[in-house]
Every structure is written in C-alpha cells, then in structure tokens.
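What follows draws every value from the coordinates through simple rules; no lab data is involved. Values in this document were obtained by computation on a predicted structure and should not be read as measured data. As a convention, Cβ positions derive from the backbone with ideal geometry for all residues, glycine included, and neighbour counts pool all protein chains shown.
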Amino acid sequence: MVQKKKIVEIMEYLEKLFPNPDPELHFDNEFQCLVAVILSAQCTDKRVNEVTAKLFKDYPDSVSLGALSQGELEKLIYSTGFYHNKAKNLLALCKILNEEYNGQVPRDPEVLETLPGVGRKTANVVSSACFGANRLGVDTHVFRVTNRLGLVDAKTPLEVERQWNEKYPEYVNHDSHFRLVLFGRYHCKAQSPKCADCELRHICKFYQDNTKK
Ligand code: SF4
C-alpha cells in the first residue's frame, strides 16, 4: 500500500513536469521511427535528428534506404557513431522488411526483436511509440530513475522491465515511458541530478541514502 501511494505520487509529479510526453526523435512513419531508434544507440537524439533530417529526405522508406551500398550508408550516418555496424544492420533490416513484410514494420514487439539491430529496448520503444503497445522500453534514463527512486531494485534493464510490469502494470504505457525518459534526461540526470528542485526528495531512495548522517 505504501508503494502504491509512492508510485502515484511520482507519476503525478512526472505528469506535472511533462504533461505531453513524446519522443524527441523526429520521424514521419514507423520505418523512420525504427531507424531513428536504432541510430540513437550511443548517440544523442539531437545528433540523430540532424542526420535523419537529410537521410529521410532522400531515403524515406525501406526500399530506397535498402538500395544504398554499405559504404554510402556509412557516410550518411557516420556522425551517429558505430556507423559500420549500424549500416550493416540497417541494410539487413531493410532486406527483411522488403522481402518478408512488404516494407512494413511488424507491430508485434516479439517479432520486432528478431530483426537485425533491434534489441528489446528498441522493440519496446517502437511498438509503444508507433503502435500503442503497452511496453516499457528501458534505456539508460529509465534504468537509472526507477532504481534511484526505489521503484525497482534491478541490476539489468530486463529486470527493471519485469519488476515494473509486475509492480506497476497500470503504468506500462507510452506516456509513463516517455515521462521517465524525460525526467532522467533533464531532471534526475546521471551526473548532477537536480535534487534541490525535486519534489520527490522525501520518497527518493537515492536522495535518502546519500543524505543520511
Ligand atoms: S531527489 Fe534527486 S535523485 Fe531523487 S528523483 Fe529527485 S532528482 Fe533524482
């Protein structure tokens, strides 16, 4: 019951901070969403948006993007880092989408996860952002924030997802996911969390542990 009160208070605060949470990546369709999330690995959303603004203008779908050579695609996505593997995965992904899915992105996150370059987090984020699936994508921000607040006690992203699904099924949705991401990105930052301005200090495990005398 105490935990129930805590999650409600936390999610109400996050809703107050981020009333209309949305992905910060730019895309116009499901395929572009998938590509943008893949490119965002180890890269900022700002940089990905700079790259995809040009990329999607000329190569908006799996047919046009999939017709590029490895070298051509590497040059276009170079600045997102890990460009060799990202290009390799994107070309393999386009081939499968074109040959097996008529160029469409599968809706089922379990199927998405089988595609090249698509891990569990990416599958969950895309299925939630594009298809309204109730899935929690656990990125570095969600992992840190949920542990710091003491909502989960997890060592891996998969553990966070499992514990979250079990304890807070009513908050396994698009808005909760993006609010946690935005809270981690702008408020409860990795290096310098804004604890002085945070209304969750009284229930935050991290804050309590680090201010004990
Ligand atoms: S009190 Fe600090 S560590 Fe805790 S949630 Fe707020 S910003 Fe993050």
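In table form, for the structure just shown:
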{"item": "The chain, relative contact order in percent, only Cα pairs under 8 angstrom and at least six apart counted", "result": "20 percent"}
{"item": "Distance violations [Cα-Cα > 28 Å] among Lys46/Lys194; Lys75/Lys194; Lys57/Lys88; Lys54/Lys86; Lys95/Lys167; Lys86/Lys167", "result": "Lys75/Lys194; Lys95/Lys167; Lys86/Lys167"}
{"item": "Hull volume in cubic angstrom per residue (convex hull over the Cα atoms of the range 30-131)", "result": "84 Å³"}
{"item": "Over the range 133-204 - Rg/Rh using Cα atoms and the Kirkwood inverse-distance radius", "result": "0.95"}
{"item": "Nearest 10 degrees, 0 to 90: helix 174-186 Cα axis against the chain principal axis", "result": "80 degrees"}
{"item": "Taking the range 150-211 and dividing mean pair separation by its residue count, relative contact order in percent (alpha carbons under 8 Å, at least six apart)", "result": "23 percent"}
{"item": "The chain: angle of helix 120-131 to the longest principal axis, Cα-based, in degrees nearest 10", "result": "80 degrees"}
{"item": "Fully extended contour minus Cα-Cα distance, from Glu9 to Glu170, at 0.36 nm per residue", "result": "56.6 nm"}
{"item": "Normalised contact order of the range 30-131, rounded percent, pairs of Cα under 8 Å and 6 or more residues apart", "result": "32 percent"}
{"item": "Among 99-105, 65-71, the order from most to least packed when residues are scored by Cβ within 10 Å on average", "result": "65-71, 99-105"}
{"item": "Using distinct alpha-carbon pairs, which all enter the 1/r mean, Kirkwood radius of the chain in Å", "result": "18.2 Å"}
{"item": "Net charge of Cβ neighbours under 12 Å - reference Asn147; Lys, Arg +1; Asp, Glu -1", "result": "+1"}
{"item": "Alpha-carbon centroids, the range 137-196 and the range 8-80: separation in whole Å", "result": "21 Å"}
{"item": "About the Cα centre, charge dipole magnitude for the chain (Lys/Arg +1, Asp/Glu -1 at Cβ), debye", "result": "1060 debye"}
{"item": "Helix 83-100 axis, angle to the chain major axis (alpha carbon atoms, nearest 10°)", "result": "70 degrees"}
{"item": "Pairwise label distance in nanometres, Lys88 with Gln42, each label 7 Å out on the Cα-Cβ vector", "result": "1.2 nm"}
{"item": "Separation of the His202 and Lys57 label points, Cα + 7 Å toward Cβ, nm", "result": "5.2 nm"}
